[in-house]
């Protein structure tokens, strides 16, 4: 009889829990889904392996967990390091699921859960300082990490720990009648970026409390004292609020903080998927356009002193604390969100620009470290450690951007498969008819413009293969099974619908001519790109001193001719030679000279030295022109 009573009590409890939850349905579904798996080869494969071994696996997780065991902080942000590293490590595991990394993830996840207090708190702040400064920001990263681990482990204990963390946060805010937008820094953007994991918890638990809390966060954004992330979305991101006093640059008044702002918009996209409220998507799209138009530089990043500052038109000048890697990574992640949501190529174009330049440029050649800031001219110097942790935020965050690439280079959809990025490797996909295919890319892109693709299929199937034609590309040829294809490019994709079979081949050739970019009054500075790659002068390469004034020698076709150079330096990915005309100090013009240029990611990027480099080349002012 006692067993029956116990069983009845258990059923009543289950029914009560079920009554508090609802089945979660998304109103908006992503257009593109990640590949099932990927094996990346070549240069990018080497970079992924370097980060995997020398940054992800090399991290001492006990160091990351320690602040959660003492809980004596009042102002610093140690709480974010565990979550940034952990979410990077989960992405790395999804790409390359090894037993070694899984064991490290288990140690990190369960070790953190052991620090959870009886009321649900996992954090590093002293009781009297809870909710202040970076406390909620740190809790956000705890939840993001635990949810990411739940997704690969399906351990309900992990999801329960994340839920307790969220429940305690909501309880504290309610009991103290505290507005989340008044907690912490940057007009509440740091604290209220917790929106992202709160929505993720709602999707996984069905607990409507989380959806209600998410909507309350967005409601508070639009209060007079809030960041007004929706109503100000039409205002350039660097001009939404008055500049704060320099002494309080990182305080509550700073409403242009780049990283935190984009983190909030990542959460808003998650909420849009659930609710379908178009004003949420519109706010993100407006802000994205503002960032592209006014902030993103030729290398695909921006922000000075971690803040939007209308800097796109100033990028030729030396800029203080330029291109924080955390900003670069979050910009890349926001574009990844928009790419899978909409399937629009402009987001893939932005990812490619950022990935090959700003992101890879911030990574140390062996993958062990990431620069805090990466200028367009100067040196790539090590960042300082933060909060007594032995690393800084960008060391922990860099791989989060890197490991978004493998499963999004080729993606699947209801129509077939979409090739976003041309990276040598094998991509396993699920077709619309639920069959498994391998799409194999063989290429040295972007060193070369040729991409050969082969399909491995057990069954034939009619579907659409879509190939992104980058916005920089003016000339492309496509051949399927030896026959030239003349399909019209639609919205940036060349789409081929046909009956595909085993061993079908596609060959794509992109024109990789050099392109000159001018900036400043009367074009006083120039920069050079080749395909998605920003070419850069480096003092290790052939040519006069970096301060020499050089004018590119343009040929009859109106372009700069580039000749590949076999550089013996293993730290430099690609090198090209071109003809430039130096400044003449006589009545006659100077003879042209050979100048070597390398890819931006390699420029100044060395294990043992800090060579100077330069992207924007100053030009002579000539009153006769």
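The values are calculated or read from the model by the stated rules, or taken from the named source; none is laboratory data. Not measured: the values here are computed from a predicted model. Ideal geometry is used to build each Cβ from the backbone, glycine not excepted, and the neighbour counts take in all protein chains shown.
Given the conditions (1) within 21 Å of residue 116 (Cβ to Cβ); (2) surrounded by fewer than 17 Cβ atoms within 10 Å (Cβ to Cβ); (3) in contact with a strand residue (DSSP E or B) (Cβ under 6 Å, 6 or more places away or on another chain), which single one is not true for residue 207?
(2)
Do the conditions hold for residue 260, that is, is it surrounded by fewer than 19 Cβ atoms within 10 Å (Cβ to Cβ) and either under 24 Å from the mean Cα position of the chain (by Cα) or not in a loop (DSSP other than H, G, I, E, B) (or both)?
Answer is no for this residue.
Kindly indicate whether residue 448 is modelled with pLDDT of 95 or more, surrounded by fewer than 20 Cβ atoms within 10 Å (Cβ to Cβ) and not in a strand (DSSP E or B).
Yes; evaluated as a whole, the condition is true for this residue.
When you scan the stretch 110-118, do you find a residue that is within 23 Å of residue 36 (Cβ to Cβ) and surrounded by fewer than 19 Cβ atoms within 10 Å (Cβ to Cβ), even just one?
Scanning the stretch 110-118 turns up no residue that is within 23 Å of residue 36 (Cβ to Cβ) and surrounded by fewer than 19 Cβ atoms within 10 Å (Cβ to Cβ).
Quick check: is even one residue across the stretch 425-438 outside the structural domain of residue 565 (by TED's automatic domain parsing) and in contact with a helix residue (DSSP H, G or I) (Cβ under 8 Å, 6 or more places away or on another chain)?
Yes, some residue in the stretch 425-438 is outside the structural domain of residue 565 (by TED's automatic domain parsing) and in contact with a helix residue (DSSP H, G or I) (Cβ under 8 Å, 6 or more places away or on another chain).
Among the residues of the stretch 364-394, how many are in a strand (DSSP E or B) and closer than 14 Å to residue 327 by Cα?
2
Can you confirm whether residue 282 is assigned to a helix (DSSP H, G or I), outside the structural domain of residue 136 (by TED's automatic domain parsing), modelled with pLDDT of 95 or more and surrounded by fewer than 16 Cβ atoms within 10 Å (Cβ to Cβ)?
It is true that residue 282 is assigned to a helix (DSSP H, G or I), outside the structural domain of residue 136 (by TED's automatic domain parsing), modelled with pLDDT of 95 or more and surrounded by fewer than 16 Cβ atoms within 10 Å (Cβ to Cβ).
Taking the stretch 571-594 only, how many residues are under 31 Å from the mean Cα position of the chain (by Cα) and in contact (Cβ under 8 Å) with a residue 40 or more places away in the chain?
4
Within the bounds of the stretch 270-277, is there any residue that is in contact (Cβ under 8 Å) with a residue 60 or more places away in the chain and part of a loop (DSSP other than H, G, I, E, B)?
Looking through the stretch 270-277, at least one residue is in contact (Cβ under 8 Å) with a residue 60 or more places away in the chain and part of a loop (DSSP other than H, G, I, E, B).
Look through the stretch 13-65, keep the residues that are in contact with a strand residue (DSSP E or B) (Cβ under 8 Å, 6 or more places away or on another chain) and modelled with pLDDT under 95, and return whichever of them is nearest to residue 445 (Cα to Cα).
Selected residue: 21.
Does residue 235 count as within 26 Å of residue 258 (Cβ to Cβ) and part of a loop (DSSP other than H, G, I, E, B)?
yes
Test each condition in (1) closer than 22 Å to residue 103 by Cβ; (2) in a helix (DSSP H, G or I) for residue 116 and report the one that comes out false.
(2)
Would you check if there is a residue in the stretch 494-507 being surrounded by 13 or more Cβ atoms within 10 Å (Cβ to Cβ), more than 30 Å from residue 379 (Cα to Cα) and under 27 Å from the mean Cα position of the chain (by Cα)?
Yes, there is a match, as at least one residue in the stretch 494-507 is surrounded by 13 or more Cβ atoms within 10 Å (Cβ to Cβ), more than 30 Å from residue 379 (Cα to Cα) and under 27 Å from the mean Cα position of the chain (by Cα).
Checking the structure you have, find out if any residue of the stretch 310-323 is surrounded by fewer than 21 Cβ atoms within 10 Å (Cβ to Cβ), in contact with a helix residue (DSSP H, G or I) (Cβ under 6 Å, 6 or more places away or on another chain) and touching a residue at least 12 places away in the same chain (Cβ under 8 Å).
yes
For every residue, the table says whether it meets (1) touching a helix residue (DSSP H, G or I) at 6+ places or on another chain (Cβ under 8 Å); (2) in a helix (DSSP H, G or I); (3) touching a residue at least 60 places away in the same chain (Cβ under 8 Å).
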residue	(1), (2), (3)
65	yes, yes, no
69	no, yes, no
77	yes, no, yes
81	yes, yes, yes
91	yes, yes, yes
111	yes, yes, no
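How many residues are touching a residue at least 60 places away in the same chain (Cβ under 8 Å) and either part of a loop (DSSP other than H, G, I, E, B) or within 13 Å of residue 296 (Cβ to Cβ) (or both) when one looks only at the stretch 328-348?
Summing the residues that are touching a residue at least 60 places away in the same chain (Cβ under 8 Å) and either part of a loop (DSSP other than H, G, I, E, B) or within 13 Å of residue 296 (Cβ to Cβ) (or both) in the stretch 328-348 gives 8.
Against the conditions (1) outside any loop (DSSP other than H, G, I, E, B); (2) without any contact (Cβ under 8 Å) to a residue 40 or more places away in the chain; (3) more than 25 Å from residue 599 (Cα to Cα), where does residue 506 fall short? Just the number, please.
Only one criterion in (1) outside any loop (DSSP other than H, G, I, E, B); (2) without any contact (Cβ under 8 Å) to a residue 40 or more places away in the chain; (3) more than 25 Å from residue 599 (Cα to Cα) is unmet by residue 506, namely (2).
Which of the residues belonging to the stretch 532-559 are surrounded by fewer than 22 Cβ atoms within 10 Å (Cβ to Cβ) and within 24 Å of residue 469 (Cα to Cα)?
Once the filter is applied, which keeps residues that are surrounded by fewer than 22 Cβ atoms within 10 Å (Cβ to Cβ) and within 24 Å of residue 469 (Cα to Cα), the stretch 532-559 yields 557, 558, 559.
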